[in-house]
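Asks: Sharing a structure, written as C-alpha cells. Questions coming.
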Amino acid sequence: MTSRSAEWQHLSDLARLRRVRDRIDREYAQPLDVEALARGVNMSAGHLSRQFRLAYGEPPYAYLMTRRIERAMALLRRGDLSVTEVCFAVGCSSLGTFSSRFTELVGVPPSVYRREAAHKAAGMPSCVEKQVTRPIRNREAPSSGRG
C-alpha cells in the first residue's frame, strides 16, 4: 500500500468513526450495540472498537454510556423523574448497570445526585451548570477516601 492510499484509508476511517460518534450522540437513548454501530459503517466490531479508542480515547460503548450519564444528570437535576424513569429514558435497560456507571463517572449514586443537585446548581446559569456538572471521562471520579 502506498503512503497516499494509506493516508486516504486513514481519512476514510476517521470519517466513519465520526459518523459513529455522531450517531451515538443523536441516538443515545436507542438500543445501540457495537455490532450494530460497526455494521452501519461497514467495519468489524473489533476494528471499530480499536479505531474508536485510538481516535477518541475510549471504546464506543464507554462513549455511549458517558453520553447517557450526561443526559441522566440533566434529567436528575430537573427533579421531576425518578431514578428508574431516568434510567430508562436515557436508553439503559438495567438499573444496576446504570447506577454503577453513574456512580463511577459522577462519584455519587444517582439518587444522591438527584437529591443534592438542586441545592448545588441553584442560581447558576445553565451554561455554567452544564460545564460544572459534566461527568469525568476516561477516569473514575475521585475516591471519597473510603476503601
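Rule-based calculations on the coordinates, nothing more; no lab input. Since the structure is predicted, the reported quantities are computational estimates derived from the model, not experimental observations. Neighbour counts run over all protein chains shown; Cβ positions are idealised from the backbone, glycine included.
Asks: What is the magnitude of the charge dipole of segment 29-102 about its Cα centre, with +1 placed on the Cβ of each Lys and Arg, -1 on the Cβ of each Asp and Glu, and no other charges, expressed in debye to the nearest 20?
Replies: 160
Asks: Let me ask another. From the residues Leu64, Met43, Thr2, which one has its Cα farthest along the dipole of segment 1-70 in the positive direction, the dipole being from +1 and -1 charges on Cβ of Lys/Arg and Asp/Glu about the Cα centre?
Replies: Thr2
Asks: Starting from 0.36 nm per residue, how many nanometres of slack lie between Ser12 and Thr84 once their C-alpha separation is accounted for?
Replies: Going from the current span to full extension adds 21.9 nm.
Asks: What shape does segment 3-61 have by the C-alpha gyration tensor, where a ≥ b ≥ c are the square roots of the eigenvalues, rounded means a/c under 1.5, and otherwise prolate means a/b greater than b/c and oblate the rest?
Replies: It comes out prolate by the Cα gyration axes.
Asks: Further question: Cβ under 15 Å from Asp80's Cβ, Asp80 left aside: what net charge do those residues give with Lys, Arg +1 and Asp, Glu -1?
Replies: Here the count lands on +4.
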